[in-house]
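The structure under discussion appears below in the form of structure tokens.
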């Protein structure tokens, strides 16, 4: 078994020692090894020297020179956007209600005329869809299915299971991998 | 202008950034005020020229502040801006062609006239005020020892021991694996120990 006490401190362990976090058994080596103590003391002195290096200041007016080149963009505030949207919806609604109240006869005529025309169109569409459906070759089979509750239940059950399975598969396929590395961009 | 009662100096970096994104010029200025000295100091020690360091520091802030919308608040603002500063410095050092001057002339000189023209003439050149300031600020033993390090080692050791950043944050800032950062710092410490050994004797 390798005698850990005899092995010199690694650079990582010197780091740990500087941070006051060296393992006890490795402290024992440090006490007994002049070479490692010399290295550790030199590293501590160096760290102290580096840590006391001064910060330099740029020339006066640095902030002004930077700001002269920076484009300060005003982002629209969320409350202002919400207020604008609300106004955009409410004002036309209010205008519409106001006009309707001010012109009840005109409104009634319009509704009757438009309503009647729309009703005729809707009825024609339903009749056309109905006759088209009856003419389909699969219609008798569908009718048979609807008339049998057991078969209908089976079809619905199978469809629900297939739908749920499809949702699970799609979610797995579309799931994005979680990024492992902090990524900042400039 | 800041809202009345809003003391930007006491707000966290993230909150000041939010104010800056809302278009408050005072918030931009606050970010410059907080980081101008650390950023300038890092770049100055990297490029060792005050004028160039000023230009590069300006470039760093302009890049950062003009792209403030792309900053992601879940990461530290200081990491982000130091990353930009380091990239700007390293790019500058790569672009800059450093002619090696020796007392005996450039190694690229081929004729006696060219050698004489490129030889460093001691004593016949007056230092400008800026050069005097540079010599005073960066002329110390430790500063000159730092200048001998490779740029990659230099930025790592400065971020670790001058800025006090943990290894993991340096790795994020410089887009390097953690092991590489540790190796660079250990090697930088080794080189600095050797360069300063005479001071301990």
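Tabulated results
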| item | result |
| --- | --- |
| Criterion violated by residue A:30 - all others in (1) more than 24 Å from residue B:161 (Cα to Cα); (2) surrounded by 12 or more Cβ atoms within 10 Å (Cβ to Cβ); (3) modelled with pLDDT of 85 or more; (4) away from every other protein chain (no Cβ under 14 Å) satisfied | (1) |
| From the options B:127, B:141, B:163, B:134, residue that is at pLDDT 90 or above and either surrounded by fewer than 21 Cβ atoms within 10 Å (Cβ to Cβ) or under 17 Å from the mean Cα position of the chain (by Cα) (or both) | B:163 |
| Matching option when the condition is part of a helix (DSSP H, G or I) and modelled with pLDDT under 85, among A:87, A:76, A:94, A:83 | A:83 |
| Single residue of A:40, A:68, A:45 found to be within 14 Å of chain B (Cβ to nearest Cβ), at pLDDT 90 or above and under 28 Å from residue B:63 (Cα atoms) | A:68 |
| Conditions (1) at pLDDT 95 or above; (2) surrounded by fewer than 21 Cβ atoms within 10 Å (Cβ to Cβ); (3) within 21 Å of residue B:148 (Cβ to Cβ); number of the one not met by residue B:37 | (3) |
| Residues satisfying the stated conditions in region B:160-179, i.e. without any contact (Cβ under 8 Å) to a residue 40 or more places away in the chain and under 14 Å from residue A:47 (Cα atoms) | B:160, B:161, B:164, B:166 |
| Number of positions in region B:5-51 that are in a helix (DSSP H, G or I), more than 20 Å from residue B:163 (Cβ to Cβ), away from chain A (no Cβ under 12 Å) and in contact (Cβ under 8 Å) with a residue 12 or more places away in the chain | 2 |
| Check on residue B:176, out of contact with any strand residue (DSSP E or B) (no Cβ under 6 Å at 6 or more places or on another chain), surrounded by fewer than 18 Cβ atoms within 10 Å (Cβ to Cβ), modelled with pLDDT of 90 or more and not assigned by TED's automatic domain parsing to the domain that holds residue B:43 | yes |
| Selection count where residues are closer than 24 Å to residue A:73 by Cα, more than 10 Å from the chain's Cα centre (by Cα) and more than 7 Å from chain A (Cβ to nearest Cβ), scope region B:52-78 | 11 |
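The values are calculated or read from the model by the stated rules, or taken from the named source; none is laboratory data. Note that the structure is a prediction, hence the values are computed from the model and not measured. Here the Cβ is made from the backbone with ideal geometry for all residues, glycine too, and neighbour counts use every protein chain on show.
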